[in-house]
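Derivation of every value follows stated rules applied to the coordinates shown; laboratory data play no part. In this text the structure is predicted, and so the values were computed from the model without any measurement. Because the Cβ atoms are built from the backbone with ideal geometry, glycine has one as well, and the counts that use them run over all protein chains shown.
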2 protein chains.
Amino acid sequence: MKDMSSVVKMMPLSVGLGDRSYPIYIDQGLLGNAELIRPYITGQQVMIVSNETVAPLYLEILLQSLAGFQVATHILPDGEEFKNLEVLETLFDALLRVPCDRKTTMIALGGGVVGDITGFAAACYQRGVPFIQIPTTLLAQVDSSVGGKTAVNHPRGKNMIGAFYQPRCVITDISTLNTLDDRQLSAGLAEVIKYGLIGDLEFFTWLEKNIDRLRQRDPEVLTEAIRCSCRSKAEIVAEDEREGGIRALLNLGHTFGHAIEAGMGYGNWLHGEAIATGMLMAADLSHRSGWISRMDVTRIAELLVRAGLPVVPPAELDIEHYLKLMMVDKKVHQGRIRLVLLKGIGNAFISDDYDHLLLQETLASRTLF
Amino acid sequence: MKDMSSVVKMMPLSVGLGDRSYPIYIDQGLLGNAELIRPYITGQQVMIVSNETVAPLYLEILLQSLAGFQVATHILPDGEEFKNLEVLETLFDALLRVPCDRKTTMIALGGGVVGDITGFAAACYQRGVPFIQIPTTLLAQVDSSVGGKTAVNHPRGKNMIGAFYQPRCVITDISTLNTLDDRQLSAGLAEVIKYGLIGDLEFFTWLEKNIDRLRQRDPEVLTEAIRCSCRSKAEIVAEDEREGGIRALLNLGHTFGHAIEAGMGYGNWLHGEAIATGMLMAADLSHRSGWISRMDVTRIAELLVRAGLPVVPPAELDIEHYLKLMMVDKKVHQGRIRLVLLKGIGNAFISDDYDHLLLQETLASRTLF
């Protein structure tokens with residue numbers, strides 16, 4: 001009899017979406033846990049999508065867990081600049097070369113780029129095949145692998161072409177964080193800090209206490225931070241899957257951040273880095289609007305700095321350039337840019353009723369704290 | 001007070017899909033009926049997609065019905081060979097050049113290719129914007145505009161990349177059929193005949209009586225044929241939106257037909273032409289299997305011929321080529337090709353339990369009746 005202890009010891013989180021609900025497993029050593037993964041494969045065919053950085057590290061162990069299935073792999077180049085329609089097309093070509101049928105399970109093994117492209121390909125291939133998220137970066141583990149947002153970028157805007165498409169399950173093996181470089185780890189911490197900022201002051205305070213241990217990759221605090229982040233996201237997604245309302249709070253810092261990413265050229269600023277600076281810009285505008293104190297802004301900036309994140313907007317972008325980039329954001333409605341702003345740490349809200357002159361001051365400012 | 005008689009005189013059909021239900025309006029002169037169309041536009045922005053054949057004929061009158069909205073247009077080249085990812089990308093470029101926000105309503109004004117590309121673009125643009133189908137070919141009016149299947153082709157297979165995405169409404173202005181060329185009209189009749197074959201002997205018999213008047217474009221019999229076809233399709237889609245079961249019956253002739261279309265090069269055989277020959281191949285295999293009589297096959301062939309449709313498979317494709325093309329069809333499961341076959345006229349069923357040797361005989365045969 002097989003030892004099932006490794007399967008049962010974890011209680012997965014759950015994203016509650018009726019008949020499309022799915023579990024999030026968070027633990028060490030899950031990639032090699034065949035008993036955990038195999039029940040989520042429907043059909044006989046599997047297409048694993050990874051990238052040139054992650055595949056040499058983790059593809060082999062995943063393949064062992066999938067012994068007996070008919071497995072194909074497709075390796076993408078590494079970087080946000082490859083999250084585009086051309087690279088997506090190479091994935092469709094690979095699926096049809098096999099050819100994969102419409103019961104094929106697609107597996108995303110990698111960071112947010114791999115997850116977003118694979119999820120979107122799964123949404124479109126033969127009008128939808130099942131897929132599994134195995135995120136290997138902190139950013140993907142706490143954010144992009146959960147909630148079903150999939151997309152590719154367009155030169156004129158980030159995530160402009162995509163779908164809401166939920167995975168069968170999310171398998172977060174925190175052992176994969178051991179090989180993540182420091183800059184990527186910090187980028188992930190930006191999204192972790194976001195959950196504190198938007199709705200959980202207690203978690204924000206916990207992060208202030210534990211930020212150094214997180215950067216040292218203490219597995220216990222990492223697991224705790226990831227669980228807490230995923231729980232927040234799962235609750236929000238269950239309430240508002242298609243971003244009709246509350247889900248938009250998860251975009252704190254993203255309208256500013258997307259403009260930085262696009263304006264500086266995808267791949268130069270990491271997504272998490274742009275979001276960190278973007279969150280501070282949102283805090284700055286909130287302060288200029290009289291909603292939070294200067295001390296709150298400083299407190300946020302300090303945590304971001306301790307997390308190893310940039311807090312100075314790029315000098316290359318002027319107000320006009322920012323506004324042009326922000327106007328193509330998905331949150332624009334009838335010419336008004338809707339922003340997520342703060343009424344306090346742990347208290348975000350959505351507004352298009354801010355003073356446009358104050359927004360311009362924020363965009364012009366190079367010192368935010 | 002406005003004259004609303006033109007709005008209220010029709011009882012639309014309805015596709016029953018819960019909160020995504022939508023009406024199908026079928027009548028003459030609907031393109032100029034602003035009161036009918038305008039309530040289905042959400043937001044201020046509209047993107048009309050049409051093609052170089054249809055736009056010169058019908059774009060102007062539709063634009064007049066949309067006076068006051070912020071309307072952009074995107075004109076595609078005409079033909080199935082343009083239903084691909086490259087052309088789709090030009091549409092995304094156009095949407096982002098405006099830029100269109102995520103409340104933009106997309107309108108497909110054209111045949112099946114325009115509808116399929118526009119619907120898929122609407123499904124993906126900013127992860128989904130509302131869209132309206134205004135089909136202008138008989139084939140699109142009785143088939144592709146209803147039911148939410150959207151897609152583009154891949155060199156290795158038809159409709160391989162797409163989404164299930166329902167329109168807000170379908171507006172079928174049968175006046176547009178006056179400018180349709182005879183070959184396209186016949187291609188549409190193939191799908192009309194399909195509804196008789198799969199489940200409605202009475203309708204098939206009605207078609208045998210009225211096929212000449214249909215080809216003469218008698219508006220009364222056209223309206224009746226379109227209503228009856230759409231009603232059949234709406235019932236099937238309401239029961240099985242994502243083709244888990246009964247919806248697959250709508251693919252009668254399509255596995256053979258897709259192989260002909262792909263094998264002969266998209267655009268050389270019209271979709272409806274390939275489906276006509278494909279249905280006769282399905283009938284031939286059904287007869288070889290002992291399920292229908294030789295007389296049934298002849299009766300089907302005669303109606304197809306009278307409808308102006310081809311009934312001789314192309315000499316260019318041999319068995320091996322057919323099988324290779326059919327193996328990438330979406331209906332393949334674990335290496336078995338699932339086919340829609342006939343137990344009688346008006347009685348189709350799905351099977352992967354046919355004799356493979358008989359299939360090879362059908363594929364090798366050039367005379368099917």
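Structure notes:
- The DSSP beta bridges internal to the range A:5-179 are antiparallel in roughly 25% of cases.
- Label zone at B:E320 (point 7 Å along Cα-to-Cβ), backbone N below 17 Å, the range B:341-369: B:360-361, B:363-365
- Distances from A:G29 to itself in the other copies, using label points 7 Å out along the Cα-Cβ axis, amount to 7.8 nm in increasing order.
- The range A:1-112: relative contact order as a whole-number percent, Cα under 8 Å and 6+ apart: 30
- Counting only GluC sites (Glu not before Pro) that DSSP places in a loop and that have at most 16 other Cβ atoms within 10 Å, the longest clean stretch of chain A runs over A:53-315.
- Those trypsin sites (Lys or Arg not before Pro) in the range B:67-119 that DSSP places in a loop and that have at most 16 other beta carbons within 10 Å: B:K103
- Cα lying deepest toward the dipole's positive end in the range A:162-285, options A:Q216, A:T255, A:G162, charges on Cβ: A:G162
- Straight-distance candidates among the aspartates and glutamates for linking to A:K209, with alpha-carbon spacing under 20 Å and chain neighbours fewer than 8 residues away dropped: A:D182, A:E191, A:D200, A:D218, A:E220, A:E224, A:D296, A:E302.
- Between A:L13 and A:I24, A:I26, the built amide H atoms are under 5 Å apart, and every one of these is 5 or more places off in sequence or on another chain.
- Summing Lys and Arg as +1 and Asp and Glu as -1 over all other residues whose Cβ lies under 13 Å from the Cβ of B:A348 gives a net charge of +2.
- Over the protein assembly as shown, the hull volume per residue, using the convex hull of the C-alpha atoms, is 154 Å³.
- Cα centroid separation, the range B:224-266 to the range B:43-98 (Å): 26
- Partner lysines for B:K343 [C-alpha distance under 18 Å; skip if fewer than 8 residues away on the same chain]: B:K194
- Normalised by the number of residues in the range B:182-364, the average gap of Cα pairs under 8 Å and 6 or more apart makes the relative contact order 29 percent.
- Remark: relative contact order (chain A) = 15 percent; criterion is Cα-Cα distance under 8 angstrom and separation of 6 or more residues.
- Sorted shortest first, the separations between the B:M327 label point and its copies elsewhere in the assembly read 5.3 nm; each point sits 7 Å from Cα along the Cα-to-Cβ line.
- Couplings for the range A:104-113, taken from phi via the Karplus curve 6.51 cos²θ - 1.76 cosθ + 1.60 with θ = phi - 60°, read 4, 9, 9, 10, 9, 10, x, x, x, 5 Hz in order; Gly and Pro are left as x.
- DSSP-defined beta bridges in chain B - what % are antiparallel, rounded to 5: 40
- Cross-link partners of A:K331 among aspartates and glutamates (Cα-Cα below 13 Å; sequence separation of 8 or more within a chain): A:E243, A:D352, B:D101
- Bridge type composition, the range B:182-364 - antiparallel percent by DSSP, nearest 5: 90
- Local charge for A:R168 was computed over the other residues whose Cβ lies under 15 Å away, with Lys and Arg +1 and Asp and Glu -1, and equals +3.
- From largest to smallest, the equivalent ellipsoid semi-axes obtained for chain A from the alpha-carbon gyration tensor read 34, 23, 18 Å.
- With Cα atoms defining each centre, the range A:116-172 and the range A:327-369 are spaced 27 Å apart in the structure.
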